[in-house]
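Accompanying notes for the structure given below.
The values are calculated or read from the model by the stated rules, or taken from the named source; none is laboratory data. Being a predicted model, the structure only gives us computed values, none of them experimental. Don't worry about glycine lacking a Cβ; one is built from the backbone with ideal geometry, like all the others, and counts go over all protein chains shown. Only protein heavy atoms, including side chains, enter the accessible area calculation; ligands, DNA and RNA are left aside. Shrake-Rupley method; radii C 1.70, N 1.55, O 1.52, S 1.80 Å.
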Amino acid sequence: MNVFTLIHEHIDCQYVFIVVRDTSKAGYVAVFTSFALEDDYKYRSLYPCGVSSSDGSRGRSPSRPRFLPAEKFGPWVVWVLARTLASLWSPAPWEGERPREAPHFNHTKGESESRQGGCDLLFLFALAARRRLVMMRAALFILCLTFVTAFAAGFPPITDLGPTNTFGAGIQRSLRLMADSPPERKRTVKVLFYGQSITQEPWFLTVSDWLRQRYPNVNLIITNRAVGFHAILLTRIADADILTFYPDLIIYHNYGLPHEIEGIVARTRARTTADILIQNDHPTVPQHLTEKTSGVVPLSADVTRNYIDLPLIAERYGAEFCDVRTPWKNYLQQYGLQPEEVLWDVLHPDAHGCYLMSEIVQSHLRVDRTISAERWADSVRTIPLPEEGWSQVTLPFTGNRVDVVLSGNGTGPVRVLIDGKKPSEFPELYAFLRTEFYPGSHHPCILHVNSRVPLLEETWSATVLESYKKDGIPQIRFALRGSKTGFDGEGTSELPFISNSGRVMIDPFDFLMLTWAMDWYPVVKPLEVGYEIKFESRLYGKDEFTPQIIDPTLENTVTVAQGLANGPHTLTLSGADVSGIEAIRIYNPLARTQPPPPPRVRIESATVHENNLTIRASGTARYVLESAPSLDGIWRPLTAPHTERELTLPINSQTGFLRLRQLD
């Protein structure tokens, strides 16, 4: 076994990877990519996946590195190189500093050993983030060439995937969109991979490539917004991740509690027309191979979750249930493998495990023409318009999103009204996007941002004025500024924050990364004074647009409203030149299997104190409070969409009448 020398240049080093060839696994290479910091080591050396310190503490995976067959390198390489390359093109404050040398470690122990065994060094290089050195870029190029010439190898085939003739029933709408897309005018289909660190593993890239190869005549927009670690993160950021993207297909896995998983599925089903595929958990310990899935009372928590709770959630919402666990167990038993032999740590699949995951998920992505389209046919309808002879069209519809399908270029603007108002006048059409990642991590700086009053489309920055600790917990004091709102107040991470305008509300819990930074120091450090946390509020609609064909090989569309309250509306399009409009496409989540409707929101009481009105409401649905000078006047929103049960807002003589408009 060779002894590896880890080279790293500074404690700020983020990405380091090593490639070696192990002759005991013919045709395989071992790739070290994940690192943990050893707090007690005086040089703060970085240890790769499969390496622990001499005392056995803090190693990411003391079992072994991940082994990847060369033929599976493509997706993994793209993923790693993209992350590394992005880090190389920013200035390094210490460029030119001489690298330091870390201790020598064997890939299974943290101590120096003699050079014996079957591991020959192919490559050993440290790629550190934020390096602009030419040699680092050259190393990337050389590394790419190495991957291209890597050894070919494969895995034993998976032969028992289950009753594949029944697979895909819950996701046929999106699959038929892919299969039936005309090659001369490709449809756009959005696919979202969502979940935690399991979904971040490179199996999703294999599935993405497989979809592109299987359905070449569709314009696939595929993104992965998975966030590793605790499930609570997903519950806080799902609205910013899923509802703004409005996917056609979601491939979803979550280690959270059943009610957390169901909450995200329910919100997705109620507010999008997406097909949903729900995965259960793969086995990770030997006991999982012999677990009893029926006839035993009480069933284990793992069995209850994977064979009762998750299938019921899928059935309740008309989703596709992807049983990963059963074929994975059958495969391991068929080839005499233990669960840890296809994992690179105690949980995450290595290349072999990623092969299993991709094959199982792909088996559900099949078109079945025998399945009736009745269950989803009305969820997305395309309504053709006359080719000529009209300057205004009025269309009643039921749904929450409207797209205009274009046939050519227009010479002037087309104006959009919904229920007699511009889309920009609907507060529910505005949404906050996910805040930027905390430096050194892949988690948002602020998990969730809310609003009390209607938003504007603008960018925001929270500038750190002070970084301090209170009761041992890192905190910050910040100043908030919007690109249109301007200065909007100061606050701290330890108290609930409401900006001066009311457009930004942040709960102290949503600064969770400040606490985790303390746990992960020094890889993740406290925010420095002057650092800007940036985020954006965006309007998902257009008051007017000019038809324009951006790409003649695609079906060109314009989304004029996304996020409306589910229910009946009236669309009006008008303009001097509407010749470039071919059809209207309506998205109606209510036509899909829905969660139980939330209780109606009602005003329980309203009290006035000085110039403030306090309203107490019942129910759990989202609502907007509106005012009008008279009952037959124009109702204007006073609040953004929210679910607060008690709300206090200023009033004046112009407030007139108030009403509560339920959105869900």
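Could you please state how large a percent of the accessible area of region 570-664 is carbon and sulfur, counting protein chains only and using a 1.4 Å probe?
Details: 2550 of 4870 Å².
Heavy-atom surface of region 570-664 belonging to carbon and sulfur, 1.4 Å probe: 52 percent.
Can you check what the net charge comes to around residue 502, using other residues whose Cβ is under 11 Å from the Cβ of residue 502 (Lys, Arg +1; Asp, Glu -1)?
+1
Can you grab the distance from the C-alpha centre of region 455-470 to the C-alpha centre of region 353-388, Å, no decimals?
Taking the Cα centre of region 353-388 as reference, the centre of region 455-470 is 42 Å away.
Within the accessible area of region 433-557, what % is carbon and sulfur when the probe is 1.4 Å and the other protein chains stay in place?
Percent of accessible area from carbon and sulfur atoms in region 433-557: 52.
Taking the solvent-accessible surface of protein heavy atoms with a 1.4 Å probe, what is the per residue accessible area of region 351-392 in Å²?
Result: 53 Å² per residue.
Magnitude of the Cβ-charge dipole of region 466-592, K/R +1 and D/E -1, about the Cα centre, nearest 20 debye?
That gives region 466-592 a dipole magnitude of about 160 debye.
Probe of 1.4 angstrom, ligands and nucleic acids ignored: what's the accessible area per residue over region 196-300, in square angstrom?
Averaged over the residues of region 196-300, the accessible area is 35 Å².
Report the charge-dipole magnitude of region 338-474 in Debye, nearest 20, computed about the Cα centre from +1 at each Lys and Arg Cβ and -1 at each Asp and Glu Cβ.
It comes to approximately 500 debye.
Length gain on complete extension for the stretch residue 188 to residue 213, per 0.36 nm per residue less the alpha carbon to alpha carbon distance?
Net length gain for the segment: 7.5 nm.
Set the Förster radius R0 to 51 Å, insert the Cβ-Cβ distance between residue 495 and residue 334 as r into 1/(1 + (r/R0)^6), and round the FRET efficiency to 0.05.
0.35
Give, in nm to one decimal, the length gained when the segment between residue 301 and residue 231 is fully stretched (0.36 nm per residue of separation minus the Cα-Cα distance).
Taking 0.36 nm per residue and subtracting the Cα distance, the gain is 23.5 nm.
When the accessible area of region 289-332 is computed with all protein chains present and a 1.4 Å probe, what percentage of it is carbon and sulfur? All intermediate terms of the calculation are to be shown ahead of the outcome.
Numbers: 1110 of 1950 Å².
Summing carbon and sulfur atoms, their accessible area is 57 percent of the total for region 289-332.
Sort region 578-622 into rounded, prolate or oblate with this rule: let a ≥ b ≥ c be the square roots of the eigenvalues of the Cα gyration tensor; rounded if a/c is under 1.5, and if a/c is not under 1.5, prolate when a/b is larger than b/c, oblate otherwise.
oblate
Treat each spin label as a single point 7 Å out from the Cα along the C-beta direction, and report the residue 387 to residue 180 distance in nm.
Here the modelled spin labels are 2.3 nm apart.
Of 431, 360, 319, whose Cα points farthest to the positive end of the dipole of region 313-463 (charges on the beta-carbon: +1 Lys, Arg; -1 Asp, Glu; origin at the Cα centre)?
Working it through, the farthest residue towards the positive pole turns out to be 431.
Do any GluC sites (Glu not before Pro) in region 573-664 lie in a loop, going by DSSP, with at most 16 other beta-carbon atoms within 10 Å of their beta carbon, and if so which?
610, 644
Quick one: net charge around residue 304, please, counting Lys, Arg +1 and Asp, Glu -1 for every other residue with C-beta under 15 Å from its C-beta. Can you show the working numbers first?
Values: positive: 292, 305, 325; negative: 262, 281, 291, 302, 309, 323.
Summing Lys/Arg as +1 and Asp/Glu as -1 gives -3.
Could you tell me the center-to-center distance, by alpha carbons, between region 307-327 and region 520-562 in angstrom?
Computed from Cα coordinates, the inter-centre distance equals 33 Å.
State, to one decimal in nm, how far the label point of residue 610 lies from the label point of residue 378, with both points 7 Å from Cα in the Cβ direction.
Here the answer is 5.2 nm between the modelled labels.
In square angstrom, what is the accessible area per residue of region 434-486 with a 1.4 angstrom probe?
That works out to 42 Å² for each residue.
State which entries of 470/525; 190/542; 421/484; 421/534; 190/422; 469/534 exceed 25 angstrom in Cα-Cα distance in the structure shown.
Checking Cα-Cα distances, 421/534; 190/422 exceed 25 Å.
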